[in-house]
Amino acid sequence: MKKYVLEIFCLLTFIFISQFSFSNNFNNNKGDGRKMKKLFLCSYFAGVKDTFKDFMNNDTKGKKVLFIPTANIDEETKFLVDEAKEVFKNLGMEVEDLEISKLDEKTIKNKVEKTNYLYVGGGNTFYLLQELKRKNLIDFIKNRVNSGMVYIGESAGAIITSKDIQILRICTFLEFLQKGFRNIFLCRKYADI
């Protein structure tokens, strides 16, 4: 099963690296000439580790990444968190966990304010968005990205930067229809460029 999950994630992987204005969840309609927003968005981070290394211009040694695994609440997919952490470690980056569902807003904001690299992992997009909103982090993270912080989003962490999360309604419906018929389902992720 693990092999099939990885294959599906690899098939769905997309990279969208550019100057980017977050919409709705991370909306910034100001054309105020701030620093270029640097985002690395993908479906399966371990599958695009070389692309990430290129994105970082091979300058990863000694960098510290704040790692938010909050969306991954399913025990069957915990290996994806471990794989993402291993990618960072293999690139010589220090990883600091930040489980936002278990910490207070002030502590979280203090840590996010001090980091130059924020990783938001995959899993349950609805739960992740709920926790980000509950701790008033959406605008805070958006402002940090606008100020030059690098945002690394995998799966749910990538989806929350989009205009909305409507694509998940389709995915959830397809998953419901296919329960009992197949062990996996495909749901493409699109990004407007």
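Can you give the accessible area per residue of the range 34-154, in Å², using a 1.4 Å probe?
47 Å²
Can you list residues from other chains, or at least 5 along the same chain, whose modelled amide H is less than 5 Å from the amide H of Gly153?
Phe40, Leu41, Cys42, Val120
Note the full-extension length gain between Lys111 and Asp54 as 0.36 nm times their separation in residues minus their Cα-Cα distance, in nm to one decimal.
Contour length minus Cα-Cα distance gives 17.9 nm.
Which entries in Lys53/Lys133; Lys61/Lys163; Lys38/Lys133; Lys49/Lys135; Lys61/Lys133 show an alpha-carbon gap greater than 28 Å?
Violating the 28 Å Cα-Cα cut-off are Lys53/Lys133; Lys61/Lys163; Lys49/Lys135; Lys61/Lys133.
Note down the nm distance, to one decimal, between modelled labels 7 Å out along Cα→Cβ at Lys63 and at Ser147.
So the label points at Lys63 and Ser147 sit 1.9 nm apart.
The values are calculated or read from the model by the stated rules, or taken from the named source; none is laboratory data. None of the values given here were measured: they were computed from a predicted structure. Quick reminder, even Gly has a Cβ in these numbers, built from the backbone with ideal geometry, and neighbours come from all protein chains shown. Just the protein is used for accessible areas: all its heavy atoms, side chains included, with ligands, DNA and RNA removed. Shrake-Rupley method; radii C 1.70, N 1.55, O 1.52, S 1.80 Å.
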